[in-house]
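Input: a single structure, listed below in structure tokens.
The values are calculated or read from the model by the stated rules, or taken from the named source; none is laboratory data. Please read these numbers as outputs of a predicted model, since none were measured by experiment. Every residue, glycine among them, receives a Cβ derived from its backbone with ideal geometry; neighbour counts consider all protein chains shown.
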């Protein structure tokens, strides 16, 4: 059964909410791993377990079908993303991490999209290049080379997130599918917790950040993302996520005391403007 496209206003609202949730994950992870004593494995476990609990509770309250609709492949991609993301942010500066993460997302999703027959119009290519140029200008100048292991982990996280997003485009029931996928990550997190038990560190504030990240920014955020993905092409979905580093940078100004600069403002305009061109230049089918 085909999924009806969402009305434009609703689609834009849900996409904006989802991008805010994705950016919140970066901010919450930075806050937890940089300002509290929690370790990356514990953060990952609490984040995924919280997402599973909240999403399954929502399904129960709604009286949704009890048929399990998760995918081990999607769950594995979700776990790899979450774990690699947490470990990478131990050593990576936030800007370097965001550049590597969303660069890998673009390569993964756009490559798959083009391989399956999607094509950009000239206007879309111009918008995509404008968005990428703004992202590079925002994040690249003055950056030192990242540690190889941390950089590799963030690239892995980006590829896993791009793969997970592509799985989500085929789900018939986004809320149920996301909830089940979160549940299926729990065996992976259990193994990770056992392997890293000797270095585990619980922290009240860090645990709270992980729970908010899992329950709201991840669980509900990903559920919304799955709901809007059928209305987006893989290339447009990938380009939209270029806005997340900009939102995260603004969040850093508000919550981490980072300076707001003219460069940040100009690059934000470039990235968001480029995304607008990608959407505006979408070729009608037929």
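Here are a few things to note about the model shown:
- Total residues in the range 38-81, condition modelled with pLDDT of 95 or more and not in a helix (DSSP H, G or I): 2
- When every residue of the range 10-29 is checked against the conditions, at least one turns out to be more than 19 Å from the chain's Cα centre (by Cα) and at pLDDT 85 or above.
- Under the condition of being under 12 Å from the mean Cα position of the chain (by Cα), in a helix (DSSP H, G or I) and farther than 24 Å from residue 44 by Cβ, the residues counted in the range 239-267 number 2.
- Yes/no for residue 231 being over 20 Å from the mean Cα position of the chain (by Cα) and surrounded by 13 or more Cβ atoms within 10 Å (Cβ to Cβ): no
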